[in-house]
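To start, the structure itself, in C-alpha cells.
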Amino acid sequence: MRFQVKAGAASRQRADCIILPVYAGGPLPAATREADRAAHGLLRALLRHGDVRGEAGETLLLPKVPGLACPRVLLVGLGAREKCDRKVFRKAMRAALGAVTRTAAADVVSYLGTEAVRGTDAYRRARIAVEAWHDVAYRFTTLKTRASNSQNKAPRQRALGLAADAADAAATRRGLAHGQAIGAAMTLARDLGNLPANICTPSYLVRQAREVARGNARLGVTVLDEARMRRLKMGSLLSVTAGSDEPARFIVMNYRGAARSKAPVVLVGKGITFDTGGISLKPGPQMDEMKYDMSGAGTVIAVLQAVAALRLPLNVVGLVPTCENMPGGSATRPGDIVRSMSGQTIEILNTDAEGRLILCDALSYGLRYRPAAMIDIATLTGACVVALGKHRSGLMANADPLAEALLAAGEAADDPAWRLPLGEEYMEQLKSPFADVANIGGREAGTITAAAFLSRFVGTTPWAHLDIAGTAWNAGASKGSTGRPVGLLVEYLLNR
Ligand code: BES
Ligand code: MN
Ligand code: ZN
C-alpha cells in the first residue's frame, strides 16, 4: 500500500474512489459541499431524503456521480457534528476503509481528515487513517493453501491518499509516516501472536528479532542460550523451560538513538510460546489460546521495530525471555524451590503461574542497564480478564509519573489501560513457609499479587507492569491477535 498526501478539490480528484464525510443533522463538510455543488446537489438530496443519515460509521457507496471526476464516492457518517471526537473519527475511518476493501477501487482518496475533529489535529487524523488501514486490511492467511472466502482475500487497494490543504500538508505527512511505522509494527505483533506454537517457537522469535534489526545500524540483537542463562543464575526462568524439548532463549534488542550516557527505557515482554500450565496442567477448553502467551514478547519486538523506523532520539532496550511451559519427566513440580537471579528463593506452588517466573529474572537482568524506566508487558493473569475485560490493559507501577504517562499515552492512542494498586498488604499473600516468596497469592486480587511478586525484583527503579491478558487477543468468532499494546507504548516513547 502506498500512502500519500493529496491536494485539490474533491470534484476534480481522479482516484477510483473518494471518501467524503457527512454529519448527522448537517451542516455539509466543506469538501462534501464542493463535490455536491459539482454534482448539482445530488449528495444533499440523498441526505434530505434520508438515504444516508450521517450516523457515526455509516457508509453509502455511490457509483458514477455526475459532475465528479472519479467513478465512486463513499459517503461516511461522522455522527452529530458537536459530538464528533477522536473516537468517533477512528470508528468512522475504520468503517470507511472497511467498506473500501469490499470494492475494486485501486486508488482511494479520503477527505475525512479535512474536517476539524475535537481532540485531534491533522497529524493525529492522518495517523488514525493509516493505522485504520493496517487494521482493516489485516489478514492472517499464510497458513491457508487457498483463500476460502472473500474475507480471506487480500484487499485490492494499492494507494490511499489523504486530502489536506497546504496548511495541513506537513502535519498530515508526519502523521502518515508515524501511522505507517505503528501500523506495520501492529501487523508484526499480530502475525507473531496468531502463529501457532509449533511454528512460533523461542528460536522463531529470535529469527524475527534479528530480521527486525537487519541492516539497522542503531539496533543490535544478542541472544543468550540456556548455558548462558545458567551462568547468569537465572534459576527461575530455567525452571519454567525444564519440561520442554524446545530450547529457551533470552533475546536482547538494543536500540541506540541517543548518547550512551542517556539512561534507556527497558521493555520486557513475556515470551511463553505455549502455556500448558506445566504439571499444574490447564483444563482443555480454549487451551489453544495459550499460543498467544508470547504476546508481550511480540509487542516488544514490534515496538523496537517502530522505534527504529521512527528513528526516535532515545535509547530503548527490549528484553524477551522466551520458552514453553510444558509438563514432562523433567518438568518443575509444585512445591519445588528455585533460586532466582536476584538471589531470592521462590516456592513454586503452581507451575501455571510461570509468567512471573521468567519475568523476574528478566527484570533482574534489566537492572544492569540502570534504566530510566522499566516496563514489562505480559499476558499474566486470567484475573485481569475478569477485572477489565478486553477493553483496558491492567497497569501497576511503583512510580506515579511513569504510571500517569502510560495512562495518558493509552488514552491518546485509543489503546487504554487502567491502574490497579500495589502495596505491602498484597505482599502478605505471597508468604512461603519454606522460601523467600511463593509464586502465587491465592484467589483474591490475582492480578495485583502477580505484580506484587514482580515488584520484588525491580528495586527502586521506576517500573510499570502491563497485564495484557484481556487486550492482546480477541476470543470467539473474530479470534485473533489485536496488536495491543503496541499503540500505547509507541505513543509513550514518542512523548518522551
Ligand atoms: N498465561 C496465563 C494467563 C492467562 C490466562 C491469560 C487466561 C489469558 C487468559 C498465566 O500463565 C496463568 O496461567 N496464570 C494463572 C495464574 C494463577 C495460577 C495464579 C491464572 O491466571 O490462572
Ligand atoms: Mn500459566
Ligand atoms: Zn502464561
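The values are calculated or read from the model by the stated rules, or taken from the named source; none is laboratory data. Keep in mind it's a predicted model, so treat the numbers as computed, not measured. Backbone-built Cβ (ideal geometry, glycine too); neighbour counts: all protein chains shown. Heavy atoms of the whole protein, side chains included, go into the accessibility calculation; ligands, DNA and RNA do not. Shrake-Rupley method; radii C 1.70, N 1.55, O 1.52, S 1.80 Å.
Need the full-extension length gain, residue 216 to residue 82, defined as separation in residues times 0.36 nm minus the C-alpha distance. One decimal, nm.
Numbers: separation 134, 0.36 × 134 = 48.24 nm, distance 4.58 nm.
Length gained between residue 216 and residue 82: 43.7 nm.
Calculate, for residue 428 and residue 199, the FRET efficiency according to 1/(1 + (r/R0)^6) with r their C-beta to C-beta distance and R0 60 Å; round to the nearest 0.05.
Working: r = 42 Å, r/R0 = 0.71.
Given R0 = 60 Å and the Cβ-Cβ separation, E is 0.90.
I need the shape label for region 193-236. Rule: rounded when a/c is under 1.5, else prolate if a/b > b/c, else oblate, with a, b, c from the alpha carbon gyration tensor.
Numbers: a/c = 3.22, a/b = 1.18, b/c = 2.73.
Judged from the Cα gyration tensor, region 193-236 comes out oblate (a/c at least 1.5, b/c at or above a/b).
Helix 400-412 versus the longest principal axis of the chain: what is the Cα-based angle in degrees, 0 to 90, to the nearest 10?
Once rounded, the angle reads 30 degrees.
What does the net charge come to around residue 438 if you take all other residues with beta carbon closer than 13 Å to its beta carbon, with K and R at +1 and D and E at -1? Intermediate results must be reported in sequence, preceding the final value.
Working: positive: 356, 431, 456; negative: 336, 347, 428, 436.
For residues surrounding residue 438, the net value is -1.
Would you grab the residues whose amide H sits under 5 Å from the one on residue 324? Only those 5+ places off in sequence or on another chain, please, with H modelled 1.01 Å from N.
Those qualifying (amide H under 5 Å, at least 5 residues apart or on another chain) are 273.
Of all DSSP beta bridges located in region 356-488, what percent are antiparallel, nearest 5? Write out the running numbers ahead of the final one.
Numbers: 6 of 14 bridges.
Within region 356-488, antiparallel bridges account for around 45 percent of the total.
Around residue 314, which amide H atoms from residues at least 5 apart in sequence, or from another chain, sit under 5 Å from its own amide H, with H modelled in the peptide plane?
257, 258
Taking one equal scatterer on every alpha-carbon of the chain, how large is log10 of I(q)/I(0) by Debye at q = 0.08, 0.10 1/Å?
Ignoring solvent entirely, the Cα scatterers give -0.52, -0.77.
Which of the three applies to region 305-394, rounded, prolate or oblate, going by the alpha-carbon gyration tensor with a ≥ b ≥ c and a/c under 1.5 meaning rounded?
Values: a/c = 2.23, a/b = 1.44, b/c = 1.55.
Taking the square roots of the gyration eigenvalues as a ≥ b ≥ c, region 305-394 is oblate.
Per residue and in cubic angstrom, what volume does the convex hull of the Cα atoms of region 225-368 have? If you can, show how the numbers build up before the last one.
Numbers: hull volume 14.7 nm³, N = 144.
Per residue, the Cα convex hull of region 225-368 comes to 102 Å³.
At a Förster radius of 56 Å, what calculated FRET efficiency corresponds to the Cβ-Cβ distance of residue 419 and residue 61, to the nearest 0.05? Kindly include the intermediate steps, with their values, before the conclusion.
Working: r = 43 Å, r/R0 = 0.77.
Step by step, r from the Cβ atoms, then E = 0.85.
Output wanted: per-residue J couplings in Hz (rounded whole) for region 485-492, from phi through Karplus 6.51 cos²θ - 1.76 cosθ + 1.60, θ = phi - 60°, x for Gly and Pro.
x, 4, x, 4, 6, 5, 4, 4
Write out the chymotrypsin sites (Phe, Trp or Tyr not before Pro) in region 368-454 meeting two conditions: DSSP loop, and at most 15 other Cβ atoms within 10 Å of their Cβ. Mind dumping the intermediate values first?
Values: sites: 369, 418, 426, 434, 453; in loops: 434.
Of the chymotrypsin sites (Phe, Trp or Tyr not before Pro), the ones in loops of region 368-454 whose Cβ has at most 15 other Cβ atoms within 10 Å are 434.
Label points 7 Å out from Cα along the Cβ direction at residue 207 and residue 1: separation in nm?
That separation, rounded to one decimal, is 2.7 nm.
Give a residue-ordered list of calculated ³J(HN,Hα) values for region 33-45 (Karplus: 6.51 cos²θ - 1.76 cosθ + 1.60, θ = phi - 60°; whole Hz; x for Gly, Pro).
Working through the residues one at a time gives 4, 4, 5, 4, 4, 5, 8, 6, x, 5, 5, 4, 5 Hz.
What does the highest-first list of 18-24, 56-62, 105-111, 323-329 look like by mean Cβ count within 10 Å? Show your work: numbers first, answer last.
Numbers: 18-24: 25.9, 56-62: 17.9, 105-111: 22.3, 323-329: 20.1.
Ranking the peptides 18-24, 56-62, 105-111, 323-329 by packing returns 18-24, 105-111, 323-329, 56-62.
Got a sec to turn the phi values of region 226-232 into Karplus ³J(HN,Hα) couplings, 6.51 cos²θ - 1.76 cosθ + 1.60 with θ = phi - 60°, whole Hz, x for Gly and Pro?
Calculated HN-Hα couplings, in order: 5, 4, 5, 5, 5, 5, 7 Hz.
Considering the zone a paramagnetic label at residue 495 would reach in this model (a point 7 Å from Cα along the Cα-to-Cβ line), which residues of region 376-408 have amide N under 17 Å from it?
376, 392-408, by backbone N distance to the label point.
May I have the convex hull volume per residue, in Å³, for the Cα set of region 8-142? Present the calculation step by step, with values, prior to reporting the outcome.
Numbers: hull volume 13.6 nm³, N = 135.
So the per-residue Cα hull volume is 101 Å³.
Can you work out the FRET efficiency for the pair residue 153 and residue 474, with r the C-beta to C-beta distance and R0 = 22 Å, to the nearest 0.05?
Numbers: r = 21 Å, r/R0 = 0.94.
Once the sixth-power term is evaluated, E becomes 0.60.
Rounded to the nearest 5, what is the percent of antiparallel bridges among the DSSP beta bridges in region 187-495? Can you show the working numbers first?
Working: 23 of 46 bridges.
Antiparallel: roughly 50 percent of the beta bridges in region 187-495.
Would you mind working out the accessible area per residue for region 391-496, using a 1.4 Å probe, and quoting it in Å²?
Details: 4190 Å² over 106 residues.
Per-residue accessible area for region 391-496 comes out at 40 Å².
For residue 5, list long-range residues whose amide hydrogen, built 1.01 Å from N in the peptide plane, is under 5 Å from its own amide hydrogen.
Here the answer is 162, since their amide H atoms fall under 5 Å of that of residue 5.
What does the charge add up to near residue 296, with Lys and Arg as +1, Asp and Glu as -1, over the other residues with Cβ less than 9 Å from its Cβ? Mind showing how you got there, number by number?
Details: positive: 270; negative: 293, 376.
Residues near residue 296 contribute -1 overall.
Given the alpha-carbon gyration tensor of region 388-474, what are the semi-axes of its equivalent ellipsoid in whole angstrom, ordered largest first, with each equal to the square root of 5 times an eigenvalue? Working shown, then result.
Values: eigenvalues 125, 48, 16 Å².
Taking √(5λ) for each eigenvalue gives 25, 16, 9 Å, largest first.
Once the other residues with Cβ under 15 Å from the Cβ of residue 27 are scored (Lys, Arg +1; Asp, Glu -1), what is the net sum? Kindly include the intermediate steps, with their values, before the conclusion.
Details: positive: 33, 37, 44, 48, 53, 81, 83; negative: 34, 36, 82, 115.
Neighbourhood net charge equals +3.
With a 10 Å radius around each residue's Cβ, average the other Cβ atoms per peptide and rank 279-286, 84-91, 371-378, 344-351, highest first. Intermediate values should be presented prior to the final figure.
Numbers: 279-286: 12.5, 84-91: 18.9, 371-378: 25.8, 344-351: 20.6.
Peptide ranking by packing, descending: 371-378, 344-351, 84-91, 279-286.
Can you give the helix-only mean residue ellipticity at 222 nm for the chain, where every DSSP H stretch with n ≥ 4 adds -39500 (n - 2.57) and the sum goes over all residues, rounded to the nearest 500 deg cm²/dmol?
Values: 15 runs with 171 residues, N = 496.
My calculation for the chain gives -10500 deg cm²/dmol from helical runs alone.
Out of all DSSP beta bridges with both ends in region 2-164, state the antiparallel percent to the nearest 5.
Working: 5 of 24 bridges.
That works out to approximately 20 percent antiparallel.
Let me spell out the model: positive unit charges on the Cβ of Lys and Arg, negative unit charges on the Cβ of Asp and Glu, origin at the Cα centre of the chain. What dipole size does that give, in debye rounded to 20?
Values: 62 positive and 44 negative charges, 401 e Å.
That gives a dipole near 1920 debye.
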